[in-house]
Structures are given as structure tokens and as C-alpha cells.
Amino acid sequence: MQFQISTEFIEKVKHLIQNTGDTQLRNMLSELHFADVAEIISELNLTQATYLIKLLDSEKTSEALMELEEDFRERILENLSVKEIAEELEGMDSDDAADVVAELPDDRAEKVIAEIGDEKRAEDIKELLAYDEDTAGGLMAKELVKVKETWTVAGCVREMRRQAESVTRVHSIYVIDREGKLKGRLSLKDLLTAPAKTHISEVYIPKVDYVDVDTEGEEVARIMQKYDLEAIPVIDREGILVGRVTIDDIVDFIKDEAEKDYQLAAGISQDVEADDNVWELTRARLPWLILGLFGGLGSVFIMQGFENVMANPKIRDLFFYTPLIAAMAGNVGVQSSAIIVQGLANNAVKGSLLSRLLKEVSLSLINGIALALLIIIFGFVMQYEISFSITIAIALMSVIIVAALIGTFVPIILDKKGIDPAIATGPFITTSNDIFGIFLFFYIAKLILGF
């Protein structure tokens, strides 16, 4: 049954902390899931949260720490001693422990690792820290169950029992050779039904999906999604089994990448949180705002180049339609680029660039004709001259087609150049389409109306 964290419950926890009701606090929280404990901690101030972390067993708080917002966790860790942090790491999977150590200042991280009593665990954390955090090596955990192909079924079961003590979830059983190289996987059903003296080499499944330590996180996610995997083994450059990536790690990675892409699309150049300080938020937003400023200035110069329109009372109403043209250009460009970026992320953009552009031209032509007809009908209702309505309609069609092409072309080119295409869906596309849209609008008006 799901436990609901009420306001009254949070207030009771705060009251017990204030009055040092340690025994009652332990009893209240002992049966809660670590995610519920994390929710409670996140509702406390820093002093209260630190007190609770120190009070409860590391077995529960270590997992709860990983559920907290990164900034709040870092602040709590600053209030813990080196020894206390090392104790928290003992209850974490190796990948989570490495993530926590990576958040610490270098000198403090070294002291924490030195404080860990289990030398093998300390070495595992050091190894994980050496990998890029966005690769399979940076995402993997060292805990897994592996058996040698030369073992018998009986010996395999004994060894699995020993290994399983340090593994939170046993998703798969991996088979290795004498050198530790990945050979395949072992079906639990085959293990249970085979005679005790049967060698593993006779019953294991040689076909197994795997990635190497340098595989990009996006590719790991794609493989696990394609083959519906709960975990995937990771090998080093020599083919030796060194860890596994589990589905919970991939879900967290996908969430983080989605947040980064969303921020890029919104014109925020670095990863920030709502409660970051003003300086950090300014540094993240200002670069794109400057780009938008220069784009706006470009639009001003273009409009100044057609200032003679204002002297003609018959066509000066064109200026009232510039926001419409600019908005449609930006909207179409963002729509096109968002679809392309999503397709690139899912590896769903197939075919040549030319075929993709032709498809966008066809689509934007249909949309443009529909919107142009609405503009002509609107002009008829407003009793505009037919030439004026046709000018706006043709300009709108042209702007929609060009905006769609820019929104398609730019993300694909950025992706081919190794640049995150998510940056194309934000102010970059909007600003460029505003400029091109306004220029096309007045240029087409000049051709048709002859001013």
C-alpha cells in the first residue's frame, strides 16, 4: 500500500527533531520506503535534513540521498564528515556511490575514498570515476552475478548465492571464460533443470546483447529500448565483463537528457535549477537573449529598408501584419525542428537530406495554401483590395515554406557536425526565421504591389 506523506506527518517529524525524539523518529520512519524518506527529507530545512540523515541507518538514508535534488544533496554532504559520507556510500550501489563522490570537491573526494574500509569497493568507485559520465562506463554498476563456463551447475549455484549478497537486483546471470571475457548468459530455468554435475558451458546461451565502456549513453538507451532489456552487460576494450547498466540508471539518464534538451530548446545554455542563484541563472539565459536582441535589431534594419511603405497610404497597413508573419515563421520553424530533433534522438530520421526537405516542402505547401485561403477570406470580410490580400497570402505561404526548410535543415546539419541539435529548436530557429520572414514579406510585397 502506498504511504501518503501528509503535512501533519511532516510537522510531526519536525517537532520530534526539534525535541530530540530520536527513538520515536526511528520507529516512525523504520518501515517507510526510502523514496518516502527522501520526500520527507526534501520538506525539511538543511539543519533538520542533516540531523535525520545522521540519525537513521545508512542502509535507508543512502538510497534516500540518491532520490534528493542534486543541489540539496550536495548541501547535506557538506554538513557530513568524511567518515559519515563513507558510511553512506557503503549502502549504495557502486554507480550511485561514484555519482556522490563526483559531486564532492577533489580533495574531499580522495579523503572519502580513503575512508572506505572495503578496498575492492574503493577501487570500483575509482574505476567508475575514470569514465565519462554519459557513457556506458559512467552509467554502469559493478555489482552483478557472473559464473565461469567451466563450473558445474552445483558449483555455480553456491557461487551465485555468495555473489547475490552484494547485488540489489539480479536481472541476469552472465557467463565468462577463465580470463573474464563475456561469453553469454545463463537462463535460470536451464540452471534449475540441469543435472548438478553438468558444466555451464553445456547450458549457457551464447547470444547476449552488450555494450562497451565507451558506448554513448543515448546508444545504450536505444539498445535497451529496442530489445526491451532490464539490464545490459558492459565490457572493456579487451572484452572483459566489467559491469552492467540497469533500467533505472537509463531512465534517470533519459530524464536528465530530456531536461537538458528542453532547456536548450528554451534558450538556456547550461543545466540549471529553479532554486539556483541569480548569477547562475543569468549566465544560463543571457547568451540566448543576446542572440535574440541582435536578431531583433536585424529585423529593425530590414524594416527600415522598406520605410517608404509608410508613405503610401494604400499599403502602409502592411506594417500591421509584420507580427503575424514573424510569429508564423517562428512557429513553423520550431514545429519542424522539434519533430526532427525528436526523430534524431530516437534514430528515426531515415533517408537522404533531400528527401526530408522535399517532404517538408510538400507539408508546408499544404499548410500554407490552407492558411493563405483563410487570409484571403479575412481580407474579403475586411474589404481589403484583392491585391493586398493576395500579397499577404503569398508572403505567408513563402515564409511557411522557408521556415519549415530552415527548421528541418539546421538540426540535421548540426547533428552531422556532432553538435546537439536541440539548440536548433530554441531562439536560434525563432530569431533566424523572424529575420527571413520579415525580409520575404516586404520583398514579395514590393514585387506585387510595386512600391
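Overview of results
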item	result
FRET efficiency estimate (nearest 0.05) - Cβ-Cβ, LEU374 to LEU129, R0 45 angstrom	0.15
Of the DSSP H helices in the chain, those whose Cα atoms cover at least 20 Å axially and whose Kyte score averages 0.5 or more	278-304, 322-345, 353-381, 386-416, 427-449
List MET160, MET140, MET382, ordered by accessible area with a 1.4 Å probe, largest first	MET382, MET160, MET140
Positive-end residue of THR430, ILE376, MET328, charge dipole of the chain with Cβ unit charges	ILE376
Antiparallel %, DSSP beta bridges [both residues in segment 88-223], to 5	65
Segment 198-245: C-alpha gyration tensor shape, a/c 1.5 cut-off, then a/b vs b/c	oblate
Most to least accessible of ARG121, ARG158, ARG108, ARG169 (protein chains only, probe 1.4 Å)	ARG158, ARG169, ARG108, ARG121
Computed accessible area, ILE386, all protein chains, 1.4 angstrom probe, square angstrom	110
Long-range HN-HN contacts of ILE235 with modeled amide H, under 5 Å	VAL211, ASP212, VAL213, VAL242
Computed E for GLU216/SER387 - FRET, C-beta separation, R0 60 angstrom, nearest 0.05	0.60
For segment 359-417 and segment 86-145, distance of Cα centres in Å	55
Solvent accessible area, Å² - GLU59, 1.4 Å probe, full protein context	150
Rounded accessible area of ILE413 (nearest 10 Å², 1.4 Å probe)	50
Which of MET397, MET92 is most accessible, then next, and so on - probe 1.4 Å	MET397, MET92
Additional length obtainable on full extension of the chain from LEU357 to VAL170, 0.36 nm per residue less Cα span	62.6 nm
Within the chain, percent of DSSP bridges classed antiparallel, to nearest 5	70
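The values are calculated or read from the model by the stated rules, or taken from the named source; none is laboratory data. Note that the structure is predicted; figures quoted are calculated from it, not measured. In this analysis, Cβ positions are derived from the backbone assuming ideal geometry, glycine residues included, and neighbour counts consider all displayed protein chains. Just the protein is used for accessible areas: all its heavy atoms, side chains included, with ligands, DNA and RNA removed. Shrake-Rupley method; radii C 1.70, N 1.55, O 1.52, S 1.80 Å.
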